[in-house]
Ligand code: SAM
Ligand code: SF4
């Protein structure tokens with residue numbers, strides 16, 4: 001496999017109609033996964049035919065085109081990114097942009113199951129931080145939430161990441177009646193090992209088996225409850241993502257809150273997402289999209305691709321309108337989170 005052509009450094013930056021500079025790209029490299037988390041997928045998911053997926057070379061070309069246009073941070077996600085065959089080739093390829101200084105950060109979101117195999121290689125590619133999703137510290141509950149996941153394997157993955165020198169952030173989706181009484185323990189566990197913890201509100205994306213309104217737990221409520229046990233100090237810390245952070249005085253660690261439903265974080269949105277088929281979503285919460293696969297495959301140079309990216313960014317919407325309605329039969333956004341990536 002060969003890497004795509006060198007960057008043109010003179011491409012104008014991506015500025016949307018609201019003056020926001022798009023500097024963060026999240027790329028889903030597969031819609032497949034070795035887990036079936038209840039809030040993310042139904043147990044019998046139909047996955048995309050392999051021929052629809054961008055090849056690893058095409059993903060490299062696509063990311064490289066965005067880097068040429070001023071994207072400084074790349075997050076590889078999925079589905080489970082580390083189950084994509086030969087995925088380390090892509091990390092190695094993209095690491096050249098870290099070495100050249102064109103990219104500030106190359107990172108990933110993973111369920112952790114494959115980290116015992118890959119943590120060291122990721123660190124060798126210049127990955128410094130990794131988000132690992134873990135919604136509970138109970139092995140039994142973990143099995144109920146992920147359906148197919150193995151708790152011990154994920155804990156081994158977290159250990160492997162830390163041993164490889166990666167900074168680990170644990171992401172937990174707040175699930176009513178499932179993990180809502182575990183956050184104190186999760187704070188002690190993560191902060192005790194120098195890891196940050198981010199809580200995420202469940203978003204109404206994609207059909208799952210069951211009604212979502214029962215899963216939804218507003219983080220405003222969680223935060224109020226945490227304040228009974230902990231001293232939370234608002235801090236200006238930012239990682240380029242949508243989380244707002246507090247510092248816990250008792251532990252010195254941080255908790256992030258991602259609250260798409262209770263708090264509108266769109267004003268400062270600097271990111272766009274590409275699916276594994278090359279569809280660019282300008283907003284996680286809207287269906288408007290641009291096909292980048294056709295221009296990517298239409299020519300060997302990146303002229304058409306660059307034009308398609310510019311045109312799409314000129315359509316980036318001001319914000320989203322997620323609502324979880326009690327009894328709503330359809331999700332607010334029909335595609336699954338595993339298609340666009342978290
Ligand atoms: N498989 C990887 C993982 O689980 O970390 C990466 C992809 S996953 C779609 C990215 C993140 O989205 C995970 O933290 C997951 O918990 C979260 N997620 C999935 N579906 C969600 C939903 N409906 N609402 C909120 N978060 C969701
Ligand atoms: Fe897989 Fe991640 Fe979705 Fe869970 S949240 S099913 S690990 S893609």
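The values are calculated or read from the model by the stated rules, or taken from the named source; none is laboratory data. Owing to the predicted nature of the structure, the values given are computational and were not obtained by experimental measurement. Counting neighbours? That spans all protein chains shown, and the Cβs are built from the backbone with ideal geometry, glycine included.
Considering the conditions (1) more than 16 Å from ligand 2 (Cβ to nearest atom); (2) outside any helix (DSSP H, G or I); (3) without any contact (Cβ under 8 Å) to a residue 60 or more places away in the chain; (4) crowded, with 22+ Cβ neighbours inside 10 Å, residue 85 is excluded by exactly one of them, (4). Restricting the first member to segment 101-125 and to residues that are closer than 13 Å to residue 77 by Cα and touching a residue at least 12 places away in the same chain (Cβ under 8 Å), and the second to residues that are in a loop (DSSP other than H, G, I, E, B) and away from ligand 2 (no atom under 16 Å from the Cβ), the beta-carbon pairs closer than 8 Å and six or more apart or on different chains are 106/125; 106/126; 106/127; 107/127; 107/128; 108/127. Whether a residue is part of a loop (DSSP other than H, G, I, E, B), more than 18 Å from the chain's Cα centre (by Cα) and within 19 Å of residue 109 (Cα to Cα) was assessed, and residue 149 passes this test. Residue 253 meets each of the listed conditions (1) surrounded by fewer than 17 Cβ atoms within 10 Å (Cβ to Cβ); (2) touching a helix residue (DSSP H, G or I) at 6+ places or on another chain (Cβ under 8 Å) apart from (1).
State whether the residues of segment 11-26 include one that is within 11 Å of ligand 1 (Cβ to nearest atom) and either closer than 24 Å to residue 305 by Cα or without any contact (Cβ under 8 Å) to a residue 12 or more places away in the chain (or both). Yes, there is a match, as at least one residue in segment 11-26 is within 11 Å of ligand 1 (Cβ to nearest atom) and either closer than 24 Å to residue 305 by Cα or without any contact (Cβ under 8 Å) to a residue 12 or more places away in the chain (or both).
Within segment 18-28, is there a residue that is surrounded by fewer than 16 Cβ atoms within 10 Å (Cβ to Cβ) and over 20 Å from the mean Cα position of the chain (by Cα)? Yes - at least one qualifying residue is present in segment 18-28. Among the residues of segment 163-193, those that are under 19 Å from residue 108 (Cβ atoms) and either in a strand (DSSP E or B) or out of contact with any strand residue (DSSP E or B) (no Cβ under 6 Å at 6 or more places or on another chain) (or both) comprise 163, 164, 165, 167, 168, 169, 170, 171, 172, 173.
Scan segment 90-142 for residues that are within 19 Å of the chain's Cα centre (by Cα), under 18 Å from residue 239 (Cα atoms) and either within 16 Å of ligand 1 (Cβ to nearest atom) or in a helix (DSSP H, G or I) (or both) and the total you get is 11.
Taking each residue of segment 293-321 that is within 15 Å of residue 270 (Cα to Cα) and looking for partners that are modelled with pLDDT of 95 or more and in a helix (DSSP H, G or I) with beta-carbon atoms closer than 8 Å, six or more apart or interchain, yields 309/65; 309/66. Of all the numbered requirements in (1) more than 11 Å from ligand 1 (Cβ to nearest atom); (2) at pLDDT 95 or above; (3) more than 18 Å from residue 239 (Cα to Cα), residue 173 misses one, and that requirement is (1).
Every condition in (1) surrounded by fewer than 21 Cβ atoms within 10 Å (Cβ to Cβ); (2) within 13 Å of ligand 2 (Cβ to nearest atom) holds for residue 41 except the one numbered (1).
Can you confirm whether segment 209-229 contains a residue that is within 16 Å of ligand 2 (Cβ to nearest atom) and part of a helix (DSSP H, G or I)? Yes; the residues of segment 209-229 include at least one that is within 16 Å of ligand 2 (Cβ to nearest atom) and part of a helix (DSSP H, G or I).
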